[in-house]
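Working notes, beginning with the structure itself.
The values are calculated or read from the model by the stated rules, or taken from the named source; none is laboratory data. No experiment lies behind these values; they were computed from the predicted model shown. Here the Cβ positions follow ideal geometry from the backbone for every residue, glycine too, while neighbour counts run over all protein chains shown.
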Amino acid sequence: MSTTLLLSIAVVSVILLLLLVIKAKVHPFVALLISSLFVAITTGIPAKHIMEVIMSGLGGLLGHISIIIVLGAMLGAVIEASGGADSLAERFTRSLGIKRSVAALTLVAFILGLPVFFEVGFIIVVPLIYGFAKVARVSPLKYGLPMAGVMLLVHVSVPTHPGPAAAAGLLNADIGWVMMLGIAISIPAAVFGYFAARVINRKNYHLSVEVLEQLQLADQEGKPRRDGSQPSQQPPGALLISTLIVIPVLLIMLGTLLTPLLPESGALRGIVGVVSTPAIALLIALLLAAWLIGYRRGWGKDKLEAITNSAIPGAAGVLLVAGAGGAFGKVLVESGVGKALALLLENIHLPLIPAAFVLSLALRASQGSATVAIVTTCGLLTSAVTGLQGMQLVLVALSACFGALGLSHVNDAGFWVVTRYLGLSVADGLKTWTVLTTVMGLAGFAIVWLCWTLM
């Protein structure tokens, strides 16, 4: 099949998806499956393999995020039901004010994003986003949009994460310099993203009913919560809530920093490796929360069960849509759309730095995964970087990384996670999250290109 036809099918599939969700009001899960089938049939994937590809994409993604999302939602429900998120939000808001608290939490998100995968970190901070939004009487987008943006920024640019680490390896760039320069460039890019989010947030966006219910708006204070429980008269302190939120992050960091230093055959390395996995770290935090702000405060087994059960329906909705997004991305990859796009851009003969950015950005837009976009781009550029050395290789790698930050849209599982938790429609998600990730990617690329020209 020709490159032009493959790319045309990809464009039509995205338009079909948007029409189904925005105009026909079809549930995103169903719309994504229909779009996946359209791509699979029109690109000639054998009929007997179509469902295998779809289930592989859906199952592969759910296997990665399902435990994390469910445990994170349960942890958030326990914190919310205790009044702990409100307590922490009130403490910060009194000390910093609304504007400063947004900036402070964006900084916290940047730091959390260094050792923690994007989806995990975002799930951890969701209770904070809701709590601060309720206390400040503002939309959760005021906090959630810049926080999610900087976490994704770090995820694609710092080689504590798989994409930039693979970029350094494929291009033989010094991984230490990729890390240091990635952080250095991410800081001004994050500042730019923070102010871009403020501009985007000048408009009021309609939120989903589910998010409005979870916010427990201030005029409902004192009424029963969505799980039927009464709010605690004395919510847990800000220090305890902060500790419970930070524990999984510290455990994950512990594994990242200690594992390379421990003997490979030692039992300690095995223990650290287990407790530092995101799922186990979140499970530990959930058990501690159940004990410290549940049983010790007089909650019975029935109440704790009701609270944790109340988190499952919302988490299930996020999982279904994110999983279908993974299936759509998998079908696009298997159909050859990504390779066709890479070949087209390679034939244009752009200068190396913008070529790395544009190729990665296009691959990100075509198949959804930032990591796949980075790895594919750097794999295609391995022959083009022959003769480059040192910082030149580092900058090419980072250009590809920042390209993978932009154009997060309907074929990206992260798009659905962010928009579902922040209560955005698909159209508003494209106007906010997609725009924010793209302008932050452009900001990072501009700094990389500036460094290249000054060498």
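In the range 415-454, the residue that is surrounded by the fewest Cβ atoms within 10 Å (Cβ to Cβ) out of those that are outside any helix (DSSP H, G or I) and either of a type in the set (Gly, Ala, Ser) or without any contact (Cβ under 8 Å) to a residue 24 or more places away in the chain (or both) is Ser425.
Quick check on the range 10-32: of everything there that is β-branched (Val, Ile, Thr) and assigned to a helix (DSSP H, G or I), which residue is farthest from the chain's Cα centre (by Cα)?
Checking each candidate, the answer is Val12.
For the range 361-375, residues that are over 16 Å from the mean Cα position of the chain (by Cα) and under 10 Å from Val333 (Cα atoms) total 2.
Scanning the range 249-266 for residues that are touching a residue at least 24 places away in the same chain (Cβ under 8 Å) and of a type in the set (Val, Ile, Thr), we see that the one that is farthest from Gly113 (Cα to Cα) is Thr256.
Criterion applied to Gly44, Gly60 was being of a type outside the set (Lys, Arg), surrounded by fewer than 17 Cβ atoms within 10 Å (Cβ to Cβ) and within 30 Å of Ile247 (Cα to Cα), and the one residue passing it is Gly60. Scanning the range 20-35 for residues being touching a Ser or Thr at 6+ places or on another chain (Cβ under 8 Å) and of a type in the set (Gly, Ala, Ser) gives a total of 1. Got a number for residues in the range 396-414 being at pLDDT 90 or above, in a helix (DSSP H, G or I) and either farther than 14 Å from Gly182 by Cβ or in contact with a Cys (Cβ under 6 Å, 6 or more places away or on another chain) (or both)? Result for the range 396-414: 1. Here is the figure for the range 3-26: residues that are at negative phi and without any contact (Cβ under 8 Å) to a residue 24 or more places away in the chain total 11. Would you be able to tell me the number of residues in the range 343-391 that are of a type outside the set (A, V, I, L, M), surrounded by fewer than 19 Cβ atoms within 10 Å (Cβ to Cβ), at pLDDT 80 or above and outside any loop (DSSP other than H, G, I, E, B)? Going through the range 343-391 one residue at a time, the tally reaches 1.
Taking the range 102-113, which residues are within 15 Å of the chain's Cα centre (by Cα), free of Cβ contacts under 8 Å to residues at least 60 places away in the same chain and either surrounded by fewer than 20 Cβ atoms within 10 Å (Cβ to Cβ) or over 20 Å from Ile200 (Cβ atoms) (or both)?
Answer for the range 102-113, where residues must be within 15 Å of the chain's Cα centre (by Cα), free of Cβ contacts under 8 Å to residues at least 60 places away in the same chain and either surrounded by fewer than 20 Cβ atoms within 10 Å (Cβ to Cβ) or over 20 Å from Ile200 (Cβ atoms) (or both): just Ile111.
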